[in-house]
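S.K.: Attaching a single structure in structure tokens format; questions to follow.
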Amino acid sequence: MLSPSQAGFRRLLPLLRPHLRQLIAGLACMLLYVSSFLLLLNLAGELFPSLSSRDLPKVLLLIAQGVVIFAVQKLAQFGQDSLLAGPALQVSQKLRSDVFRRLQTVELGALEKLSAGDLTYRLTEDADRVSEVLYKSIHDTVPSALQLLAVLGYMLWLDWKLTASIVLLAPLIVWLVSLFGARVMAATERSQKKVSELAGLLGEAIEGLPLVRAFAAEPWLQDRFEREIDQHRQARHRTYNLVALQHPVVGMIEVVGLFSVLALAAWRIESGDLTIAGLSSYLTGLVVLIDPIAHVTNNFNEFQQGQASLKRLRQIEREPQEAADPADAIALGNLRGDLDLQGVCFGYDPAQPVLQDLNLEVKAGQVLALVGPSGAGKSTLFSLLLRFNTAQQGRILLDGNDLSALRARDLRRQVALVPQRTTVFSGSIAEAIRFGRRASDADVMEAARLANADEFIQSLPNGYETLLEERGSNVSGGQLQRIAIARAVLGNPALLLLDEATSALDAEAEAAVQLGLKQAMSGRTVLVIAHRLATVQEADQIVVLEKGTIVDRGSHDALMQRGGRYRELCERQFIRDLQNP
């Protein structure tokens, strides 16, 4: 895993180590490619005098040698580009994979604050930009820089006085390029931030289009979208303007240098210090310098833009992570499902506790219902049982094992969740039930039967191989919820968590789901979050939570007879005492 860092590309160098052999072969081709320029410059120095003296045999020989050298150079260039492309792309792939793996361990509280559109942009566009910069750096910037150094060295050897006049301009060019590069990086960061905001708005807009239409809010959404894309255009335009300004400024300095060299060369020829042959090689070298200077300048701008993208990817690594598994974690076998909470306290902000001194015992096979107003701590308790968060005080025991002493994955194989809002990935129904776990077709079908889903699945044209569209939009809400129940019970969990699993369904769909739930709950410890209290009257125990504390507990009949908060909640929903209708 990559360690958190700032944006420096040097931090990616360790990822190149596994590809060292391929890099060495590519570097050998690169050196051959760069060296061939020196041979071509030397041939140019001999060719022009031979042309002026009309020495045809020597001209033909020099041309033949040039063709051979040029062919070898292009073969070396192909070897360089093809050999170095692989490591660059593999480093980018590893970076993207590591960042995504890291994203999967970000604390859920921190994850919920991140924009899905922004994260998508970072893992696609930003990662692609890093890949492009890596590839260009390895196969283009490095050979261009080597070519620049080699040709300058050759020109120093030919005539150091002429070359000195060029080198004097180098610091100015380098300063200008770095100045523009820093501004391009800052402008790129602003531009990418705007793109991320635009991606976030698009995600919200696409998901919320039915709601927008229901409120006739299309003009408002269109106006907001146009403001976002206009801000994005302005940010991108500033980046383009900086890059556009750099070319004429640096180009003007190069032209001044070129004419200065020509004037100095004319003076040195007249004084007899420089020959025509030497000038031919020198001017050819000067022409050859233009291309690598342009490449290095352009690539530096792209490198700065890549720095901004890499920095945005690295920011994910600095998000708070889930607590690591203990080194001496307890191995879990098959569990009964006894649950015991002892003095549990938790708060997302420790100064503002959500759960306070919670004591609760549930025997294996019992059904416990959690009721109470929003914000009472019901969902927070579920997050503690799944170890998305860890209690700051007290202990949670499952069959006597402290949850903090278990591996998170082992625990989550024994604790299954059926959420209020079902999420499925596109793929077949069988894949949706397996959800990455190894299970036979028979096990999948048995889980579906327990969830009262087998009958409707079998009636589909392709049965269990029927493809679910995005968000399961080609099946009904009740069918989707039964698939979620089958997914939960496939691993035969000891503890089943139901988060108001029927709240969004109509009466007919709810009846089918309730049957699936009843079959799935058999023989398991079950905790149910319920806002519709009619669904929990048969629970073995009902716990009333308010402001993170237990204010009452008991069976439905006992709580109704005792009065208090539970009876008040029931009366608001027109639920009567079963014994005294």
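S.K.: When the dipole is taken about the Cα centre of region 59-125, and only Lys, Arg (+1) and Asp, Glu (-1) are charged at their Cβ, what size is it in debye, to the nearest 20?
M.R.: Numbers: 7 positive and 6 negative charges, 28 e Å.
Magnitude of the dipole: close to 140 debye.
S.K.: Separate question: Just to check, using Stokes-Einstein with a Kirkwood Rh over alpha carbon pairs, what's the diffusion coefficient of region 447-568 at 37 °C and 0.692 mPa s in µm²/s? Please report the intermediate quantities before stating the final value.
M.R.: Values: Rh = 15.9 Å.
D, rounded to a whole number, is 206 µm²/s.
S.K.: Another question about this same structure. Tell me, what HN-Hα J-couplings in whole Hz come from the Karplus equation 6.51 cos²θ - 1.76 cosθ + 1.60 at θ = phi - 60° for each residue of region 311-321, using x for Gly and Pro?
M.R.: Values per residue, Gly and Pro as x: 4, 5, 5, 5, 4, 4, 5, 8, 5, x, 9 Hz.
S.K.: Ok, one more. In what sequence, largest accessible area first, do 542, 138 appear using a 1.4 Å probe? Let's see the in-between values first.
M.R.: Details: 542 0, 138 30 Å².
My answer, sorted largest first, is 138, 542.
S.K.: Quick one: how many Å² of residue 201 are accessible to a 1.4 Å probe, rounded to 10?
M.R.: Here the residue's solvent-accessible area equals roughly 10 Å².
S.K.: Just to be sure I understand the model, the point goes 7 Å from the Cα along the line to the Cβ. What's the resulting residue 82 to residue 426 distance in nm?
M.R.: 3.5 nm
S.K.: With contacts defined as alpha carbon pairs under 8 Å and 6 or more residues apart, what's the relative contact order of region 388-516 in percent?
M.R.: Details: 162 pairs, mean separation 46.3, N = 129.
The value is 36 percent.
S.K.: For residue 500, list long-range residues whose amide hydrogen, built 1.01 Å from N in the peptide plane, is under 5 Å from its own amide hydrogen.
M.R.: Close amide H contacts, sequence-distant or interchain: 529.
S.K.: Among 106, 123, 138, which residue has its Cα furthest toward the positive end of the charge dipole of region 96-139, with +1 on Lys/Arg Cβ and -1 on Asp/Glu Cβ?
M.R.: 138
S.K.: To continue, here is another question. Quick one: 3J(HN,Hα) in Hz for region 511-526, Karplus 6.51/-1.76/1.60 with θ = phi - 60°, rounded, Gly and Pro as x.
M.R.: Coupling constants for region 511-526: 4, 5, 5, 4, 5, x, 5, 4, 5, 5, 7, 4, x, 10, 7, 10 Hz.
S.K.: I've got another one for you. At 1.4 Å probe radius, can you tell me the per residue accessible area of region 16-114 in Å²?
M.R.: On the way: 5900 Å² over 99 residues.
Accessible area per residue, region 16-114: 60 Å².
S.K.: Right, another one. Which far-off residues, 5 or more places away or on another chain, put their amide H under 5 Å from the one on residue 427, with H placed in the peptide plane?
M.R.: Hits under the 5 Å cutoff: 468.
S.K.: Further, regarding this structure: How many nm separate the modelled label positions at residue 229 and residue 241, each set 7 Å beyond the Cα in the direction of the Cβ?
M.R.: 2.2 nm
S.K.: Using r as the Cβ-Cβ distance of residue 113 and residue 404, and R0 as 25 Å, what FRET efficiency do you calculate, to the nearest 0.05? Working shown, then result.
M.R.: Details: r = 25 Å, r/R0 = 0.99.
It comes to 0.50.
S.K.: With the other protein chains left in place, how much accessible area per residue, in square angstrom, belongs to region 366-488 at a 1.4 angstrom probe?
M.R.: Per-residue value: 47 Å².
S.K.: Going by accessible area, probe 1.4 Å, with all protein chains left in place, what is the ranking of 388, 70, largest first?
M.R.: Working: 388 60, 70 100 Å².
Listed by decreasing accessible area, they come as 70, 388.
S.K.: Mind scanning 311/378; 363/547; 194/547; 113/363; 311/547; 58/136 and naming the pairs with a C-alpha gap bigger than 31 Å? Don't jump to the answer; show the numbers that get you there.
M.R.: Details: 311/378 38 Å; 363/547 25 Å; 194/547 40 Å; 113/363 36 Å; 311/547 41 Å; 58/136 39 Å.
Long pairs (Cα-Cα over 31 Å): 311/378; 194/547; 113/363; 311/547; 58/136.
S.K.: At 1.4 Å probe size, with no ligands or nucleic acids counted, give the accessible surface of residue 194 in Å², nearest ten.
M.R.: Rounded to the nearest 10, the figure is 50 Å².
The values are calculated or read from the model by the stated rules, or taken from the named source; none is laboratory data. Remember, predicted model here, so these are calculated numbers, not experimental data. Note that we place each Cβ from the backbone using ideal geometry, even for glycine, and neighbour counts take in every protein chain shown. Quick note on the areas: whole protein, heavy atoms, side chains included, nothing else; ligands and nucleic acids left out. Shrake-Rupley method; radii C 1.70, N 1.55, O 1.52, S 1.80 Å.
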